[in-house]
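J.: For reference, the structure I am asking about is given below.
The values are calculated or read from the model by the stated rules, or taken from the named source; none is laboratory data. Keep in mind that this is a model prediction, so the values were computed, not measured. Quick reminder, even Gly has a Cβ in these numbers, built from the backbone with ideal geometry, and neighbours come from all protein chains shown.
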Amino acid sequence: MTQSVSAVVTVADAQDVAAVVEFADRIGRQVVTQPTGHGATGDIDEAILVRTTALDSIEIDAERRVARVGTGAQWGKVQAAAAAHGLAGLSGSNPVVGVTGYTLGGGFGWLARKYGWASNAVRAFEIVDAAGRQARVTADSDPELFWALRGGGGDFGIVTSLEFDLVPLPRLYGGRVMWSADRTREVFDLFTELTTDAPAELSVWLQRYQIPGAAPTVALDFAYLGEMAEGRELTARLDSLDGVVADTRGELTPAQIGTITAEPTDPSPSLSRGELLTDLGDAVVKTLIDTPVAPLLNIQIRALGGALAEPRPGGGARGPVTEPYALYLLGLGLPHLIEDIRSRFGDIIDALGTHITGSKPYTFLAPGESATAAFDQPTLTRLQDIKRARDPHNLLRANFPVLG
């Protein structure tokens, strides 16, 4: 991802962030923050890019079950620190994803069906606002801004640290079972069986892969938030299909959550597309299960529901998602493949038709898409009003701005 910016500043603390904001205001430049670059859109011409990687402190208050982390902290290190106390944060699937960007956009992973959006677990944000002032934002100190920061994206202030609730999770059971692609239909049937009426403690994702130079495969990734014996009983149907080519099932600690999907942790060029599915009917099966994955690398279907679908009193801007499944498409972003990958995305979306809603989680947005797809109209209007009031000169810019 090429980013044409006017300057790059690596900050050491919140005072540095405030100084950058004040300087940017004087010279008429927008400010964009990136601790890792994960999820970058590239649409930041002439902005000042603030690297917050150094703000990576992690403090665990085991008695209160609270983590306080700097904005540059990554989920894998946070989970490792929390796991020492039998606790876990509501992380995603990749250990190198930054806590702050993920949480500002809502954030959902293996614990979400049980505990909901990561953004709703936040107790407090430390920010630098568009005037260069440092502030602590809580439900009591500034309820409107606190609401926006919990799931509305990074348009409303530069977060320098955040505090969030941890949940008890001494052990979990999970991993991946993989088969050759000729078992795809049977694996899909297993997926629907496992996810129909599954308890909120069990999350299952279907993965179809076409890795260059390797035979196509299909896998079920899962996590059960409980004892291994209970998890094995709930997922016993996985043993009914032979021809397994890989099996990583086992008892895990929260520090190992990021190993379940075995996602790459080194930067790599990619193109993605995310959607929410209304069902897994015949048209969806024909489009996502019965056709080749190539030229894509991965077709992923996540079972949602549970706490993600439940309204939360006092929750943030990321409200419930009622669609039962999420779709994620991934391709290798190399120049000679981009046109074919984008064409494949288009073909899939066209074929799915009314089986996708057009709405999607903020963290599933891809370059070229808009924040309007992540929120219903009343929520978007409220976020836009807050943005105009708190940042009238549009000095701060999120990956996907609420004002377009």
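J.: Give region 137-160 a look and list any residue that's surrounded by fewer than 24 Cβ atoms within 10 Å (Cβ to Cβ), out of contact with any Lys or Arg (no Cβ under 9 Å at 6 or more places or on another chain) and under 13 Å from SER119 (Cβ atoms), or say none.
T.: Selection gives PHE146 alone.
J.: Sticking with this structure for a sec: Looking at the structure I just gave you, is GLY132 crowded, with 24+ Cβ neighbours inside 10 Å and touching a residue at least 24 places away in the same chain (Cβ under 8 Å)? Give the derivation first.
T.: Working: crowded, with 24+ Cβ neighbours inside 10 Å: no; touching a residue at least 24 places away in the same chain (Cβ under 8 Å): yes.
No; evaluated as a whole, the condition is false for this residue.
J.: While we're on this one: Is it the case that some residue within region 180-191 is out of contact with any His (no Cβ under 9 Å at 6 or more places or on another chain), more than 20 Å from TYR328 (Cβ to Cβ) and in a strand (DSSP E or B)? Talk me through it step by step, then tell me what you get.
T.: Kept after step one, since they are out of contact with any His (no Cβ under 9 Å at 6 or more places or on another chain), are these residues of region 180-191: 180-191.
Then keep just the ones that are more than 20 Å from TYR328 (Cβ to Cβ); that gives 180, 182-183, 185-186, 189.
Remaining after also requiring in a strand (DSSP E or B): 180.
Yes - at least one qualifying residue is present in region 180-191.
J.: Can you find even one residue in region 231-240 that is modelled with pLDDT of 95 or more, of a type in the set (Ser, Thr, Tyr), part of a strand (DSSP E or B) and surrounded by 18 or more Cβ atoms within 10 Å (Cβ to Cβ)?
T.: Within region 231-240 (the criterion being modelled with pLDDT of 95 or more, of a type in the set (Ser, Thr, Tyr), part of a strand (DSSP E or B) and surrounded by 18 or more Cβ atoms within 10 Å (Cβ to Cβ)), the answer is no, since none of the residues qualifies.
J.: Quick check: anything in region 362-378 free of Cβ contacts under 8 Å to residues at least 40 places away in the same chain and closer than 22 Å to ALA294 by Cα?
T.: Within region 362-378, not a single residue is free of Cβ contacts under 8 Å to residues at least 40 places away in the same chain and closer than 22 Å to ALA294 by Cα.
J.: Another question about this same structure. Take the residues of region 249-288 that are under 30 Å from ALA229 (Cα atoms) and small (Gly, Ala, Ser): which is surrounded by the fewest Cβ atoms within 10 Å (Cβ to Cβ)?
T.: Ranking the qualifying residues of region 249-288, first place goes to GLY250.
J.: Just checking, which of ARG342, ARG388, ARG318 is surrounded by 14 or more Cβ atoms within 10 Å (Cβ to Cβ) and in a helix (DSSP H, G or I)?
T.: That would be ARG342, the only listed residue that is surrounded by 14 or more Cβ atoms within 10 Å (Cβ to Cβ) and in a helix (DSSP H, G or I).
J.: On the given criteria, is VAL17 crowded, with 18+ Cβ neighbours inside 10 Å and over 24 Å from THR253 (Cβ atoms)? Let's see the steps before the verdict.
T.: Values: crowded, with 18+ Cβ neighbours inside 10 Å: yes; over 24 Å from THR253 (Cβ atoms): yes.
Against the criterion (crowded, with 18+ Cβ neighbours inside 10 Å and over 24 Å from THR253 (Cβ atoms)), VAL17 qualifies.
J.: Mind telling me which of the residues LEU337, LEU308 ends up being in contact with a Pro (Cβ under 9 Å, 6 or more places away or on another chain), buried (at least 18 other Cβ atoms within 10 Å of the Cβ), farther than 26 Å from VAL21 by Cα and modelled with pLDDT under 95?
T.: LEU337
J.: Let me ask something else. With respect to ARG113, determine if the residue is closer than 21 Å to TYR325 by Cβ and in contact with an Asp or Glu (Cβ under 7 Å, 6 or more places away or on another chain).
T.: Considered against the rule, which asks whether it is closer than 21 Å to TYR325 by Cβ and in contact with an Asp or Glu (Cβ under 7 Å, 6 or more places away or on another chain), ARG113 comes out as no.
J.: Please state which of the following conditions GLY404 fails to meet, knowing it meets all the rest: (1) surrounded by 13 or more Cβ atoms within 10 Å (Cβ to Cβ); (2) in contact (Cβ under 8 Å) with a residue 24 or more places away in the chain; (3) under 22 Å from the mean Cα position of the chain (by Cα).
T.: Going through (1) surrounded by 13 or more Cβ atoms within 10 Å (Cβ to Cβ); (2) in contact (Cβ under 8 Å) with a residue 24 or more places away in the chain; (3) under 22 Å from the mean Cα position of the chain (by Cα) one by one, GLY404 breaks only (1).
J.: I've got another one for you. What is the number of the single condition among (1) at pLDDT 95 or above; (2) of a type outside the set (A, V, I, L, M); (3) part of a loop (DSSP other than H, G, I, E, B) that LYS286 does not meet?
T.: Only one criterion is unmet by LYS286, namely (3).
J.: Just checking, how many residues over region 94-109 are in contact with a Phe, Trp or Tyr (Cβ under 7 Å, 6 or more places away or on another chain) and over 16 Å from LEU365 (Cα atoms)?
T.: Residues that pass the stated criteria total 2.
J.: Any idea how many residues of region 246-268 are of a type outside the set (Ser, Thr, Tyr) and touching a helix residue (DSSP H, G or I) at 6+ places or on another chain (Cβ under 9 Å)?
T.: Within region 246-268, residues that are of a type outside the set (Ser, Thr, Tyr) and touching a helix residue (DSSP H, G or I) at 6+ places or on another chain (Cβ under 9 Å) number 10.
J.: Which numbered condition in (1) surrounded by 13 or more Cβ atoms within 10 Å (Cβ to Cβ); (2) modelled with pLDDT of 95 or more; (3) polar (S, T, N, Q) is the only one that GLN377 fails?
T.: (1)
J.: Which number in (1) part of a helix (DSSP H, G or I); (2) touching a Ser or Thr at 6+ places or on another chain (Cβ under 9 Å) marks the one condition that LEU145 misses?
T.: The one condition LEU145 does not meet is (2).
J.: Mind listing just one residue for me: the one in region 105-127 that is touching a residue at least 60 places away in the same chain (Cβ under 8 Å) and farther than 15 Å from ALA307 by Cα and, of those, nearest to the chain's Cα centre (by Cα)?
T.: Here the answer is GLY105.
J.: Further question on the same structure: Taking the condition surrounded by 15 or more Cβ atoms within 10 Å (Cβ to Cβ), under 19 Å from the mean Cα position of the chain (by Cα) and assigned by TED's automatic domain parsing to the domain that holds VAL244, does TRP205 pass? Working first, answer last.
T.: Details: surrounded by 15 or more Cβ atoms within 10 Å (Cβ to Cβ): yes; under 19 Å from the mean Cα position of the chain (by Cα): yes; assigned by TED's automatic domain parsing to the domain that holds VAL244: yes.
Taking the combined requirement at face value, the residue satisfies it.
J.: Taking the condition under 30 Å from GLU63 (Cα atoms), hydrophobic (A, V, I, L, M, F, W, C), assigned to a loop (DSSP other than H, G, I, E, B) and not assigned by TED's automatic domain parsing to the domain that holds ASN120, does ALA255 pass?
T.: No; evaluated as a whole, the condition is false for this residue.
J.: Look through VAL245, VAL218, VAL177 and report the one residue that is in a strand (DSSP E or B) and surrounded by fewer than 18 Cβ atoms within 10 Å (Cβ to Cβ).
T.: None of the other options fit; the residue is VAL245.
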